[in-house]
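What follows is a short report on a single structure.
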Amino acid sequence: MTLLRLNAVGHVFLGRAVLENVSLHVDAGEMVALVGPSGCGKSTLAQIAAGLIAPRHGQVTRGYGRSAFVFQEPRLLPWATVEANVALGLSAHALARSERNTRIAAACHQVSLEEGDWHKFPSQLSGGMRQRTALARALVGDPDFLYFDEPFTALDAALRRRMQDLVVSTVSNSGKGGLFITHDIHEALRICHRIAVLDRSGHGILDCVAVAGMPGSRSDEMIFETARRLVSDHPLFAVVDEHDERRLA
Ligand SMILES: Nc1ncnc2c1ncn2[C@@H]1O[C@H](COP(=O)(O)OP(=O)(O)O)[C@@H](O)[C@H]1O
Ligand SMILES: [Mg+2]
């Protein structure tokens, strides 16, 4: 079953074409990475796919029920506690209070937020804790489809890895699907079934590489070696690497 299908999607901002003729699909049980140089239109494409922006051209077909979006910035309500922010992910669910609290607590535990922090406000949290709150808000409603737009940039290496494992375990054997935007080829290789490369000016998907093995079962050596090979052999991946703004910073 196909959960998401983009057919010849195009978009224009201020008279300038940012995306042209982009086609891509995501099947149930599949996480697809979207990579491409900075400014090529990845975030715009994800927001079009999620229905947050109406595309100028093409069609989007969604076969999923509920979806959630984790943005690069946490986008938390500053006047609401961690718990209350996570609870927003349940706003479409009619739940008894006890069930609601159980699910909020489970989501906070999943993202390694300690109970002592659940009553804090965003201004009292580190950047990484804010981003984990945003991840808990996305997961708490048990969405069928997940959108991630470079969500783990603010996390340190160990935590980043834990959150990547959480994404893998959420999708594996669940029938869920997702689109995962990242600048980090290692992250794409760790989490995703396929990697789609968007052209540097958003003119179509240039290539879609199926990654051998299943996410979660690939060894670090395999990930490292595959990343090295993709970057050195494949001009497109070299472009992604070279345009990583965080590397340049
Ligand atoms: N709301 C907007 N109005 C005008 N231009 C925009 C807007 N959002 C993005 N853009 C432009 O569209 C292009 C693609 O942006 P974006 O989708 O954020 O790329 P990426 O996520 O790949 O870095 C960029 O040139 C960006 O400046
Ligand atoms: Mg972006």
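Among the candidates S232, S169, S174, the residue that is at pLDDT below 90 and either in the same structural domain as K42 (by TED's automatic domain parsing) or open to solvent by less than 10 Å² (accessible area, probe 1.4 Å) (or both) is uniquely S232. When region 15-30 is filtered for residues that are of a type in the set (D, E, K, R) and without any contact (Cβ under 8 Å) to a residue 60 or more places away in the chain, only R16 remains. For region 117-140, residues that are of a type in the set (G, A, S) and under 17 Å from the mean Cα position of the chain (by Cα) total 4.
Annotation note: of A54, A33, A46, the sole residue that is without any contact (Cβ under 8 Å) to a residue 24 or more places away in the chain and within 15 Å of ligand 1 (Cβ to nearest atom) is A54.
Every residue, every condition in (1) in the same structural domain as R160 (by TED's automatic domain parsing); (2) open to solvent by 30 Å² or more (accessible area, probe 1.4 Å); (3) among the aromatic types (F, W, Y); (4) at negative phi, yes or no:
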residue: Q47; (1), (2), (3), (4): yes, yes, no, yes
residue: A50; (1), (2), (3), (4): yes, no, no, yes
residue: T61; (1), (2), (3), (4): yes, yes, no, yes
residue: A87; (1), (2), (3), (4): no, no, no, yes
residue: S91; (1), (2), (3), (4): no, yes, no, yes
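The values are calculated or read from the model by the stated rules, or taken from the named source; none is laboratory data. Just so we're clear, the structure is a prediction, and the values are computed from it rather than from any experiment. Cβ coordinates were reconstructed from backbone atoms using ideal geometry, including for glycine residues, and neighbour counts include every protein chain displayed. Areas reflect the complete protein model, heavy atoms only, side chains present, ligands, DNA and RNA absent. Shrake-Rupley method; radii C 1.70, N 1.55, O 1.52, S 1.80 Å.
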